[in-house]
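What follows draws every value from the coordinates through simple rules; no lab data is involved. Note that the structure is a prediction, hence the values are computed from the model and not measured. Ideal geometry is used to build each Cβ from the backbone, glycine not excepted, and the neighbour counts take in all protein chains shown.
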Amino acid sequence: MKKIEAIIRTSKFDAVRDALADVGVRFFTLMEVRGYGLQKGEKHMYRGADLGAEYISRLQMEIVVTNEKVEEVLDTIEKAGRTGSTGDGKIFVYDVVKSVRIRSSERDKDVI
């Protein structure tokens, strides 16, 4: 099993969520995160005043899938989350050594 961690634009969440549903991903964890990258913050204007933000708001999705499904999920997130501009995000893939469903004590692949 693999854990996919995707950091995406907030504006692309609906598209990514719907695309993942189309390929059978029915569960993920979602967090609001802030970061600093190539964009070096975002500029916000309010009544003519520059309210520069030092950090950029993004969403972080964590998805656990079988090894066979990894490439399909990666391609789906990449296509649905892309705008072609700096700041589209990143995707990381980690090995999952063990998983347990607390309610029923199911293990590993049965958990997802």
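The number of Lys pairs in the chain with C-alpha atoms less than 20 Å apart, excluding pairs fewer than 8 positions apart on the same chain, is 21.
In plain terms, the chain is cut at each of the trypsin sites (Lys or Arg not before Pro) found in a DSSP loop with at most 15 other Cβ atoms within 10 Å, and the longest leftover piece is 48-81.
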